[in-house]
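Input: a single structure, listed below in structure tokens.
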């Protein structure tokens, strides 16, 4: 539950957010950044009603995110080094930090990610946290698969998850074992 002061803080954050759109091989991404860093990356078809309209003019962080994502889609970038400002619970933030440790071109199961967080029995909670990841691709939740290697839930859709993993497999030279 958030307090009125938390809501006010979130309203102030939105007021200073900068939004841009980017055409990619998986569709148009909507990127929102705030003063502290990237707040969200949204896929086509995702809810956008809480995202400010695209802002005009240059913005250093937004421009850098677009550049780094373009490099990723061109197969030239495997890690991102832009400042991030995701909003989530303590558990969600820990789960998202763990996602950033999964190397490009590799996958782990939800159970493996839960074990990295200290409790392999929390695979479902990890899945729920990953499903709320506001900064996909940069925080690579697409690298988490079912225990049998199968592709499971993803905010951008299973086809997009498959495309991202195939893209990373192609550019990393690693073969992924996907059920």
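The values are calculated or read from the model by the stated rules, or taken from the named source; none is laboratory data. Because the structure is predicted, anything quoted here is derived from the model rather than measured. Note that each Cβ is placed from the backbone with ideal geometry, even for glycine, and that neighbours are counted across all protein chains shown.
For segment 85-121, a residue qualifies if it is buried (at least 18 other Cβ atoms within 10 Å of the Cβ) and over 26 Å from residue 162 (Cβ atoms), and exactly one does: 85.
Can you tell me which residue in segment 36-49 is modelled with the highest pLDDT, limited to those that are loosely packed, with under 14 Cβ neighbours inside 10 Å and in contact with a strand residue (DSSP E or B) (Cβ under 9 Å, 6 or more places away or on another chain)? First the steps, then the outcome.
At the first step, the residues of segment 36-49 found to be loosely packed, with under 14 Cβ neighbours inside 10 Å are 36, 45, 47, 49.
Remaining after also requiring in contact with a strand residue (DSSP E or B) (Cβ under 9 Å, 6 or more places away or on another chain): 36, 45.
Values: 36: 88, 45: 70.
Checking each candidate, the answer is 36.
Residues in segment 17-35 that are out of contact with any helix residue (DSSP H, G or I) (no Cβ under 9 Å at 6 or more places or on another chain) and either modelled with pLDDT under 65 or buried (at least 18 other Cβ atoms within 10 Å of the Cβ) (or both): 17, 30.
Let's see how each residue does on (1) assigned to a loop (DSSP other than H, G, I, E, B); (2) in the same structural domain as residue 18 (by TED's automatic domain parsing); (3) over 30 Å from residue 36 (Cα atoms); (4) touching a strand residue (DSSP E or B) at 6+ places or on another chain (Cβ under 7 Å):
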| residue | (1), (2), (3), (4) |
| --- | --- |
| 105 | yes, no, no, no |
| 113 | no, no, no, yes |
| 127 | no, no, no, no |
| 130 | no, no, no, yes |
| 136 | yes, no, no, yes |
| 142 | no, no, no, no |
| 155 | yes, no, no, no |
| 168 | no, no, no, no |
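Only one of 97, 116, 77 is free of Cβ contacts under 8 Å to residues at least 24 places away in the same chain, under 22 Å from residue 31 (Cα atoms) and in contact with a helix residue (DSSP H, G or I) (Cβ under 6 Å, 6 or more places away or on another chain); which? After applying the criteria, what remains is 77. Out of all the residues in segment 146-162, which are crowded, with 16+ Cβ neighbours inside 10 Å and within 15 Å of the chain's Cα centre (by Cα)? Scanning segment 146-162 gives 154, 155, 156, 157, 160, 161.
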